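Scroll down for the structure; my scribbles are underneath it.
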Amino acid sequence: MKLTAQEQAMLDGEYGTGVQLAMKVQVAVGESYDAPYMVPITRAHVALSNQEADLWFVEKLVNGGAVCRVRPTVNPSFNWEQFKEFTTLEAEDEEIVRRTHEAYKKIGAIMTYNCTPYLEKNVPRFGEITAFSESSATPFVNSVYGARSNREAAVSALCAAVTGVVPYYGYLLNENRRGQILVEVEAEMKSDFDYQLLGYCTPKKTGFKLPVFSGLKNPGKEALMNLGAQLNTGGNVAMYHILGFTPEAQTMEAAFQGKEPEAVVRITQEDLDIMRGELTDPYGKIDFALFGCPHLTIDQIATVAGMVQGKRLAVPLFIMTSSLSYVLAEKMDYMRIIREAGGWIVSDTCMDQPCWKFLYGKKGVTDSPKCAYYTRRRQMQFVITELENAVTAALEGEITL
Ligand code: F3S
């Protein structure tokens, strides 16, 4: 790769061993994709995980004197202060949270602990070059905003934040943003949940190709969040277009950059119904309800509060959200309403964290296939259905067809 004098100095260790390691990783990624050079970024988001490898790497950078040139936002961890009221946490889990927090704070990250930064605190503009990790985030910034990010790992996004640059390859290049497969959606798309199913279903028909959806009418932010999360979880697809809606697909000509689609596929209501059946565990009695993978928006929290107001939940209901939406939920009384019904709202927390150990081996209901995907390895079962159906199930303690 052709490096600038400053990038070469970073690689040679003139800025310390932390920056040197970060640049080594960046160069290795660039060389593996035949990137000709680096380009500066304006934003980054790091999918902090609290896992040992994550902690080992960030502490290595910090101990080598690295500080972020572009301060990234970070993914959720778990807010152990909020969990103390309903479960006992193990000391070693608290310890890893504390050390991870200290290391990321020291390196200069903005401790947002939120997996939907593109809605609240890290919102790129059209054309910005960025480094976003996190499965719902990368498709959102690429597709909805027309900003540019490769499908970064937590490590590569952190290295980009430290060095301030990324290798020029992949979705940063115009030609790789060209739509490849036309996906004609014939399903009714009545709810945000249908976009979860569409996201999971599409890569099964298109492979890892860049899909261009037709037939989608004015989807809202929750629908787009769901679509990207499931495309990237179910199929490593970090960019899509919606004809006449997303900024690089105002016309068929623009979406396919003047070329013909490589293939045309149809997604029908029957396809989504089959997908629903494949994703969910059997209906029946449930032990809990869990929402917020990705973090629930304040509008979704309002939906839950409206449904449980003045009622008593048959099973505990948990909502994960951002700290901003948590504060809003308090101000708008949703917190009190949900607490009085027997539910909890927690901020800064991810489904894939050890704070949920008390639910292992149990059966829940959720609106998120991604939530169920991550928790299968924890021996948790999930009925997956629309948010409203899931809240009704939590009120009744079971879900039937
Ligand atoms: Fe967010 Fe964790 Fe789910 S980062 S999307 S809550 S797996």
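Overview of results
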{"read-out": "Size of the range 206-302 as Cα extents on the principal axes (Å, biggest first)", "value": "52, 30, 22"}
{"read-out": "Amide N of the range 363-401 lying under 19 Å from the label point, which is placed 7 angstrom from the Cα of K285 along Cα→Cβ", "value": "363-366, 380-384, 392-401"}
{"read-out": "Rg/Rh ratio calculated on Cα atoms of the range 5-173 (Kirkwood radius)", "value": "0.99"}
{"read-out": "Mean separation of Cα contacts under 8 Å (6+ apart) over length of the range 280-399, as relative contact order %", "value": "38 percent"}
{"read-out": "Computed label-point distance, nm, for sites Q82 and K105 using a 7 Å Cα→Cβ extension", "value": "1.8 nm"}
{"read-out": "Accessible area in square angstrom per residue, the range 178-277, 1.4 angstrom probe", "value": "39 Å²"}
{"read-out": "Sorted peptide list for 213-220, 370-377, 135-142, criterion being average Cβ within 10 angstrom, highest first", "value": "135-142, 370-377, 213-220"}
{"read-out": "Value of [θ]222 nm, deg cm²/dmol, for the chain, DSSP H segments ≥ 4, -39500 (n - 2.57) each, nearest 500", "value": "-11500 deg cm²/dmol"}
{"read-out": "The range 120-182, accessible surface, carbon-and-sulfur percent (1.4 angstrom probe)", "value": "50 percent"}
{"read-out": "For the range 273-401: Kirkwood Rh in Å [reciprocal of mean 1/r, alpha carbons]", "value": "14.4 Å"}
{"read-out": "Spin-label model distance (nm) - Q269 vs R98, 7 Å beyond Cα toward Cβ", "value": "5.6 nm"}
{"read-out": "Surface accessible to a 1.4 Å probe, E340 within the full protein complex, Å²", "value": "110 Å²"}
{"read-out": "Burial order of peptide ranges 317-323, 117-123 (average beta-carbon count within 10 Å, highest first)", "value": "317-323, 117-123"}
{"read-out": "Spin-label model distance (nm) - V123 vs T42, 7 Å beyond Cα toward Cβ", "value": "1.4 nm"}
{"read-out": "Gain in span if fully extended, K204 to M332, counting 0.36 nm per residue against the direct Cα distance", "value": "42.0 nm"}
{"read-out": "Options A109, Y334, A187, ranked by Cα towards positive dipole end of the chain, top entry (Cβ charges)", "value": "A109"}
{"read-out": "14 Å beta-carbon shell around Y169, net charge (K/R +1, D/E -1)", "value": "0"}
{"read-out": "Helix runs (DSSP H) in the chain reaching 20 Å along axis by Cα, Kyte-Doolittle at least -0.5", "value": "17-32, 221-235"}
{"read-out": "Residue-normalised accessible area of the range 310-401, expressed per residue, 1.4 Å probe, Å²", "value": "41 Å²"}
{"read-out": "For the chain, average projected area of the Cα convex hull in nm²", "value": "18.8 nm²"}
{"read-out": "Debye log10 I(q)/I(0) at q = 0.13, 0.16, 0.18, 0.21 Å⁻¹ for the range 45-133, Cα point scatterers", "value": "-0.47, -0.68, -0.83, -1.04"}
{"read-out": "Isotropic mean projected area of the C-alpha convex hull, the range 37-81 (nm²)", "value": "4.5 nm²"}
{"read-out": "Relative contact order computed over the range 67-193 (Cα-Cα under 8 Å; 6+ residues apart), in percent", "value": "26 percent"}
{"read-out": "For the chain: relative contact order, % (alpha-carbon pairs under 8 angstrom, 6 or more apart)", "value": "16 percent"}
{"read-out": "Cross-link reach list, lysines versus K105, counting only Cα pairs under 18 Å and skipping chain neighbours closer than eight places", "value": "K60, K121"}
{"read-out": "Local electrostatic count at E59 - Lys and Arg +1, Asp and Glu -1, tallied over other residues with Cβ under 11 Å", "value": "0"}
{"read-out": "Check: the range 234-295 dipole with +1 on Lys, Arg Cβ and -1 on Asp, Glu Cβ, in debye", "value": "140 debye"}
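The values are calculated or read from the model by the stated rules, or taken from the named source; none is laboratory data. Here the structure is a predicted model, which means the values were calculated and not measured. Methodologically, a virtual Cβ is constructed for each residue, glycine included, from the backbone with ideal geometry; neighbour enumeration extends over all protein chains shown. These accessible areas exclude ligands, DNA and RNA; they are computed on the full protein's heavy atoms, side chains included. Shrake-Rupley method; radii C 1.70, N 1.55, O 1.52, S 1.80 Å.
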